[in-house]
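The values are calculated or read from the model by the stated rules, or taken from the named source; none is laboratory data. Since the model is a prediction, treat every value here as computed from it, not as a measurement. Backbone-built Cβ (ideal geometry, glycine too); neighbour counts: all protein chains shown. Quick note on the areas: whole protein, heavy atoms, side chains included, nothing else; ligands and nucleic acids left out. Shrake-Rupley method; radii C 1.70, N 1.55, O 1.52, S 1.80 Å.
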Amino acid sequence: SQKIEQNSEALNIQEGKTATLTCNYTNYSPAYLQWYRQDPGRGPVFLLLIRENEKEKRKERLKVTFDTTLKQSLFHITASQPADSATYLCALYSSASKIIFGSGTRLSIRP
Amino acid sequence: SQTIHQWPATLVQPVGSPLSLECTVEGTSNPNLYWYRQAAGRGLQLLFYSVGIGQISSEVPQNLSASRPQDRQFILSSKKLLLSDSGFYLCAWTSGNADTQYFGPGTRLTVL
């Protein structure tokens, strides 16, 4: 069956360190994969998209990698700050306009 | 610019009562529209999506239904709510190539 999994439910790291979140999928061949940020009580907000023919994409302190052989995406936040604390969701374009989300990783950055 | 509205923001309903949640999008035409539900501390579960007026794809068989009476309006309904229908309901839209989803503010539904 098709699955999209974010391995950690929660991740706690020290301010200034790099946070690395993982997203794995099975039985999909997505044309692209996305990462979103969600704050409590709010809808998710789009952060980055990476296509199947791209290995890496960056935006300010954010970096996303996409390995279609491993069926995995890694999401990095460098020089993390307490304001980066949120839930991060990966999502992939399945087919026919359908977008499927992982369960999310709750990231906490302690000062 | 595009905006997406959802209402109501919060709703408390008794078991067995009907439900109607509305979502409208402004500033774009022919969007793909989506309804998701999020249980507390969980990920987003895709409920319905629509690529055009009157076209609804259902992902999860349950007592909910969706309709798209106009291009930029998407409605989530139920004839009789269950306790398990409680959750955070999110509407979203994308352009035709579906490369970015934009979410509404959500409706917090509590069924008692």
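A few comments on the model shown:
- Residue by residue along B:37-49, Cβ atoms of other protein chains within 10 Å of the local Cβ number 4 on average.
- Within-14-Å neighbourhood charge of residue A:50 [Cβ basis; K, R +1; D, E -1]: +2
- Considering only B:90, B:11, B:64, the Gaussian network model of chain B with Cα springs below 10 Å gives its largest mean-square fluctuation to B:11.
- Among B:70, B:101, B:62: highest mean-square fluctuation, GNM of chain B, C-alpha pairs under 10 Å: B:62
- Other residues with beta-carbon under 15 Å from the beta-carbon of residue A:6 carry, at +1 per Lys or Arg and -1 per Asp or Glu, a net charge of +3.
- Heavy-atom SASA rank of B:60, B:12, B:25 (probe 1.4 Å, accessible area, largest first): B:12, B:60, B:25
- Student exercise, region A:28-73 dipole from Lys, Arg, Asp, Glu Cβ charges, in Debye to nearest 20: 140 debye
- For region A:1-45 and region B:15-92, distance of Cα centres in Å: 23 Å
- Considering only chain A, percent of DSSP beta bridges that pair antiparallel, nearest 5: 90 percent
- Average beta-carbon neighbours from other chains, 10 Å sphere, peptide A:38-48: 5
- Among B:92, B:66, B:40: highest mean-square fluctuation, GNM of chain B, C-alpha pairs under 10 Å: B:40
- Surrounding net charge for residue B:93, when Lys and Arg each add one and Asp and Glu each subtract one, Cβ distance under 13 Å: -1
- Relative contact order of chain B, taken over Cα pairs closer than 8 Å and 6 or more residues apart, is 36 percent.
- Residues whose amide H lies under 5 Å from that of residue A:99, counting only those 5 or more places away or on a different chain, are A:94; hydrogens are built 1.01 Å from N in the peptide plane.
- Here the Kirkwood formula, the inverse mean of 1/r across different C-alpha pairs, assigns chain A a hydrodynamic radius of 14.0 Å.
- Cross-link pairs A:3/B:79; A:17/A:98; A:3/A:63; A:98/B:80 - those with Cα-Cα distance over 25 Å: A:3/B:79; A:17/A:98; A:98/B:80
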